[in-house]
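Notes follow the structure.
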Ligand SMILES: [Fe+2]
Ligand SMILES: [Fe+2]
């Protein structure tokens, strides 16, 4: 388990390096504008909601207590971010383009990642696609939420991600434990799927960056 944990490129990272700096810079710009920040929070809610729906779809046949707990927690994360988003916006928000930041790209990120991992594991144990999809997303979420948490604290936003982060960390550990028990090629698969996630996340983040550019242009 310790050796597999070391295979994860993001969550074991301390938030240093170029990618973290670029991400922090963008998050600071997003948080500095309350309307834009509300849309970003709502986009995180959308991602958490899609994640919980994917767990439901992947594990709807006789889910055990661990799956139900994971499902409940991801649904609660979606609610947490939705509530924070609507508080910031002062209105009800939907998941359409006008109320998200690159919402369509967020949906593509989850959809493409799921499709690519599922295709690569088509001859494997039934629960492995769910476990790997969750694993790479948890790895990304922990990395990104840690950076976001630093930005929120610096800007005294009053939003704390500590509860969400603690749960994502537990999910990551639970996924790793099951993967280790079920997959003799875990090391190779973790490297391959983290690389896929990196590609798909880059597309999503580029779309968020384009929104940031559009906001800046509109403000000039
Ligand atoms: Fe989550
Ligand atoms: Fe999670």
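Values quoted throughout were computed directly from the atomic coordinates according to the rules given, and no laboratory measurement underlies them. These figures come from a predicted structure and were not determined experimentally. Every residue, glycine among them, receives a Cβ derived from its backbone with ideal geometry; neighbour counts consider all protein chains shown.
Any residue at all in the stretch 140-152 that's more than 16 Å from ligand 2 (Cβ to nearest atom) and under 14 Å from the mean Cα position of the chain (by Cα)?
Step one: filter the stretch 140-152 for residues more than 16 Å from ligand 2 (Cβ to nearest atom), giving 147, 150-152.
Adding the requirement that they be under 14 Å from the mean Cα position of the chain (by Cα) leaves 147.
The answer is yes, given that some residue of the stretch 140-152 is more than 16 Å from ligand 2 (Cβ to nearest atom) and under 14 Å from the mean Cα position of the chain (by Cα).
Output the residue which, of all residues in the stretch 57-75 that are free of Cβ contacts under 8 Å to residues at least 24 places away in the same chain and surrounded by 15 or more Cβ atoms within 10 Å (Cβ to Cβ), is nearest to the chain's Cα centre (by Cα). It comes out as 71. Only a single item in (1) within 15 Å of ligand 1 (Cβ to nearest atom); (2) crowded, with 21+ Cβ neighbours inside 10 Å; (3) within 23 Å of residue 211 (Cβ to Cβ); (4) in contact (Cβ under 8 Å) with a residue 60 or more places away in the chain is not met by residue 50, and it is number (2). For the stretch 76-95, the set of residues classified as more than 14 Å from residue 37 (Cα to Cα) and either surrounded by 13 or more Cβ atoms within 10 Å (Cβ to Cβ) or out of contact with any helix residue (DSSP H, G or I) (no Cβ under 7 Å at 6 or more places or on another chain) (or both) consists of 76, 77, 78, 79, 80, 94, 95, listed by residue number. Out of contact with any helix residue (DSSP H, G or I) (no Cβ under 7 Å at 6 or more places or on another chain), at negative phi and surrounded by 15 or more Cβ atoms within 10 Å (Cβ to Cβ) - does that describe any residue in the stretch 136-143? Yes: one or more hits.
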